[in-house]
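The structure appears below as structure tokens.
The values are calculated or read from the model by the stated rules, or taken from the named source; none is laboratory data. No experiment lies behind these values; they were computed from the predicted model shown. Here the Cβ is made from the backbone with ideal geometry for all residues, glycine too, and neighbour counts use every protein chain on show. Note: areas computed on protein heavy atoms with side chains; ligands, DNA, RNA excluded. Shrake-Rupley method; radii C 1.70, N 1.55, O 1.52, S 1.80 Å.
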Amino acid sequence: MITTPKYTRDLLPAEFSNDTSAQVHRFQFIEERARDLFRRYGFKEIRTPIFEHTELFARGVGTETDIVSKEMYTWKDINGDSLTLRPENTASVIRAYIQHKMWGQAETVKLFYVGPQFRRERGQKGRFRQFYQIGAEVIGNSDNPAIDAECIEMIMQLVADVGIGNAELRLNSVGDAESRPRFAEMIRRELAPKISSMCGDCQRRYETNPLRILDCKLDHEVVAGLPSTLDLLTDDARQHFETVCRYLDARGISYKIDSRLVRGLDYYTKTVFEVVSGSLGSQNALLGGGRYDGLSKELGGPAAKGFGFALGLDRFAMTIPENSGDQGNPDLYIAHLGAAAFERALVLVQGLRKKGIAAAVDFETRSLKSSMKLADKLKARYVLILGESELASGQWALRSMKDSSQSTISAENWLEEITNLVGAEEAV
Ligand code: AMP
């Protein structure tokens, strides 16, 4: 049997998956809520290719990051180009911003995306090699802290809208171009006596990119002893951070300042943040993001500023309440008895579906008992019973599966009566 590659999975309709976190309707529910919310904040969707030139991620994400150094799916195309399955979407969005000269057409560009990302990670609970992200980016001339605060407000609203109650917002500033050398110098100075006890990766990072050491999962204790990088911020970066905090306070959004938070991508400047959930276990990050004022220039574009975030849909799907989302089960199932009823049923479902009702009919002839069993299995809300006597009398029986109550539908006015009872909205 050919199965999904390691650490990838199928997302399935609920009836085919006992693993609720892999049920596709939960993903759809989160996506729908996000689309609705983002529209209200003025974000429009962008869809970029699933693969890009490798150089985009090498330059955009940073060669010292785990993502670029270990986790990318990269191959040589027949013409010699090096291509990579996207491990994240921000670099692609900025590439599109530059390629389509969006900066010349809008003062502030607000884009969101929904789609799969690929990283060759060691799989575990909440960590997959193909996973799904929803993200949003604000790109333009301004680095006003109000942008940071509004984006954080929006994502915290989404967390609440999908019913996640136990999330914690963690906030930090990784400073600006002037603060970074101060951080690096402090980290090198403090860690010089401890180099030999650090992991191989951190020994290398010590030389190439010391800030990355703060992100190390292995050298946790070494990192815990370091002084706070917040004390080393330039006046400009400190003021920016304090203003973001003040704007969040004014909105009643609570957060925890975590000076160790640097996140796994090199492009961040000033604000970085993460939202974690206690119910997720070791892979507890629901989402992360921050400011990336240097990325556009780094990728050959204008010196545009940027702020954005990406949330892990797989992790959201694991965390939202049990009954979230609509599984897409029938509103109504027609149990037909006899050839004439079958033909009538085929036409009835057409009319109902046009009216926006999810109407189901089985193509086999069954007994009433077997039909009712099937309706139950399909989790239909109502069953319309259509037999010879019903057809003859013009009085049809509509049974509610919830409480077994029964109503009578008249053949002349069936569409209106059923639509009213089943209560579905009219199709657009
Ligand atoms: P990042 O792009 O690394 O900033 O990640 C943003 C969010 O995507 C994280 O907070 C996770 O929720 C999610 N995520 C990242 N990597 C994975 C993965 N391998 N599997 C599942 N979710 C992931």
### Task
Report relative contact order for the chain in percent, whole number only (criteria: Cα-Cα under 8 Å, sequence separation at least 6).
16
### Task
Starting with the highest mean, order 238-248, 91-101 by the number of other Cβ atoms within 10 Å, averaged over the residues of each peptide.
91-101, 238-248
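Please report the carbon-and-sulfur percent of the accessible area for the stretch 332-427; probe 1.4 Å, protein heavy atoms only, DNA, RNA and ligands left out. Please report the intermediate quantities before stating the final value.
Working: 2690 of 5450 Å².
Accessible surface attributable to carbon and sulfur in the stretch 332-427 totals 49 percent.
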### Message
For the chain, set up a GNM with springs between Cα atoms under 10 Å and report which of 233, 191, 332 has the largest fluctuation.
### Response
332
#### Entry: For residue 186, net neighbour charge (Lys/Arg +1, Asp/Glu -1) across residues whose Cβ lies under 15 Å away
+4
### Query
With labels modelled as points extended 7 Å from the Cα through the Cβ direction, what inter-label distance (nm, one decimal) is found for residue 141 paired with residue 303?
1.3
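Might you tell me the accessible area per residue for the stretch 332-427, computed with a 1.4 Å probe and given in Å²? Working shown, then result.
Working: 5450 Å² over 96 residues.
So the stretch 332-427 comes to 57 Å² accessible per residue, rounded to a whole number.
Taking a probe of 1.4 Å, how large is the accessible area per residue of the stretch 1-129, in Å²?
Dividing the accessible area of the stretch 1-129 by its residue count gives 56 Å².
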#### Entry: By accessible area with a 1.4 Å probe, ligands and nucleic acids excluded, highest first: order of 76, 125
76, 125
## Note on the structure
Once all protein chains are kept in place, residue 15 shows an accessible area at probe 1.4 Å, nearest 10 Å², of 120
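Please report the relative contact order for the stretch 332-427, taking Cα pairs under 8 Å with a sequence separation of at least 6, and give it as a percent rounded to a whole number. Please report the intermediate quantities before stating the final value.
Numbers: 142 pairs, mean separation 31.5, N = 96.
Across the stretch 332-427, relative contact order equals 33 percent.
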### Query
Put a dot 7 Å past each Cα toward the Cβ at residue 231 and residue 343; how far apart are the dots in nm?
8.8
### Query
Over what distance in Å are the Cα centres of the stretch 186-231 and the stretch 251-318 separated?
21
### Query
Taking the chain as a Gaussian network, where each spring joins two C-alpha atoms under 10 Å apart, which residue of 234, 74, 408 fluctuates the most?
408
### Task
Would you mind calculating the gained length between residue 47 and residue 407 on full extension (0.36 nm times residue separation, minus the Cα-Cα distance), in nm to one decimal?
124.8 nm
### Query
In whole percent, how big is the carbon plus sulfur part of the accessible area of the stretch 151-224, probe 1.4 Å, protein atoms only?
49
### Query
Once both labels are modelled 7 Å past Cα along the beta-carbon direction, what's the residue 397-residue 194 spacing in nm?
7.6
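How do the peptides 287-295, 46-54 rank, highest first, by the average count of neighbouring beta carbon atoms within 10 Å per residue? Kindly include the intermediate steps, with their values, before the conclusion.
Values: 287-295: 24.6, 46-54: 15.6.
So the peptides 287-295, 46-54, ranked by packing, come out 287-295, 46-54.
Give me the net charge for the shell around residue 316: Cβ to Cβ below 13 angstrom, other residues only, Lys and Arg +1, Asp and Glu -1.
Details: positive: 26, 33, 315; negative: 31, 32, 161, 314.
Here the count lands on -1.
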#### Entry: 113, 41, 73, reordered so the largest accessible area comes first (probe 1.4 Å)
73, 41, 113
